[in-house]
1. Please report, ordered by residue number, the strands (runs of 3 or more DSSP E) entirely within the range 311-380 with at least 2 residues that are more than 12 Å from the ligand (Cβ to nearest atom).
2. Filter the range 268-283 down to the residues that are more than 10 Å from the ligand (Cβ to nearest atom) and without any contact (Cβ under 8 Å) to a residue 60 or more places away in the chain and list them by number.
3. Could you count how many residues in the range 280-326 are under 30 Å from residue 220 (Cβ atoms), exposed (fewer than 14 other Cβ atoms within 10 Å of the Cβ) and out of contact with any strand residue (DSSP E or B) (no Cβ under 7 Å at 6 or more places or on another chain)?
4. Filtering the range 371-392 down to residues that are in contact with a strand residue (DSSP E or B) (Cβ under 8 Å, 6 or more places away or on another chain) and without any contact (Cβ under 8 Å) to a residue 60 or more places away in the chain, which residue is farthest from residue 350 (Cα to Cα)?
5. Between 120, 102, which is over 30 Å from residue 161 (Cα atoms) and not in a helix (DSSP H, G or I)?
6. Could you list all residues from the range 201-228 that are at positive phi and out of contact with any strand residue (DSSP E or B) (no Cβ under 7 Å at 6 or more places or on another chain)?
7. Let me confirm something: among 169, 204, 197, 182, which residue is in contact (Cβ under 8 Å) with a residue 60 or more places away in the chain and touching a helix residue (DSSP H, G or I) at 6+ places or on another chain (Cβ under 9 Å)?
8. With 11, 15 as the choices, which residue is part of a loop (DSSP other than H, G, I, E, B) and under 21 Å from residue 135 (Cα atoms)?
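The values are calculated or read from the model by the stated rules, or taken from the named source; none is laboratory data. Quantities reported herein were computed from a predicted structural model and do not represent experimental measurements. Every residue, glycine among them, receives a Cβ derived from its backbone with ideal geometry; neighbour counts consider all protein chains shown.
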Ligand code: PMT
């Protein structure tokens, strides 16, 4: 892969795995990226700045107050120029500092200043990694959009075994490449994605709806478009901007969404239904505002069409991916919906969990395929979750 024109800032912390990051820098440089390295004071005890300087052909930043080699405010200029910021090995210390917003050296200061995507690659003793505070910090940062790689499991430097080893340099570089140059593995695929709630009118001033913000569906549309798919996004009423390159069809009621999905379905290869479609609507919509009386009021509801179920009966060779929003018996209910709606995959989310479901920027999902396989994912941003759903789709198609 050609990384020419891409700027990668690598923040190196103090840990025995520091030597492996030398190879990461070397590989990125060979692929054409401009690589700037920031080392903490402890990192310099494991590997010298000269090693990184020789490989990156760039001055290595070690101190906020050194005489500058060129005149700029380095923590700001590096924060701005980065297309990607990698922290490896990421110690419990830097993860904790970032989670707390602490900026007390060059690396932590630049991290707080950057708007670039940040990939954190933890490596530490397995008991430290398992520590509840470290795990809480990781979850919190994931929720804010920071990306993490899982450490490898195996023999640690101190002789014990566990989860905490830095992943292989090739895996880190592969992940960096997929962030810098998103793969085009959905080129030629026509995808319809639904998002957001539906609104079912009661009268001109009132409606029934739910808490869907559209974030999950919009993330799927954005991720698919970035990966080369032609995407039609059929959206309920939400406050999110349409991702670039995506064709947007706005709808309000379940009936409107039903119609829009039906008319786009014939020309698509994949349908992803992330929308929270109301199952019922008022039997009658009053032309005028309903007046308050002294009595209680009964609102009679009639069933809305089950869009996905209907399409399940006419899907042919198309792929249908549904979502299942549950408050109890997550897997059982999701599996039933997969079967009843004749889906190829269903994304189950327990909307009672913190950071999951309606309105949040993150989700915790389990992906169930028709063959019964389950991919259980931790809390992550909705965009990352969207990419994982699309990875599953690509894998499923490749195996067919
Ligand atoms: O929008 P966000 O705030 O980001 O929240 C995301 C989400 C929680 C809405 C999303 O992750 C999610 O779970 N979407 C599906 C919600 C839902 O309606 O689930 P369900 O279990 O009731 O429906 C199962 C599937 O059938 C869904 O794919 C749904 O789109 C579809 N359906 C449901 C009812 C209906 N009448 N027609 C349908 O097609």
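1. It comes to 365-369, 374-376.
2. Listed by number, the list holds a single entry, 283.
3. Residues that pass the stated criteria total 4.
4. Only one residue fits best here, namely 392.
5. Residue meeting the stated conditions: 102.
6. Across the range 201-228, the qualifying residue is only 228.
7. 169
8. 15
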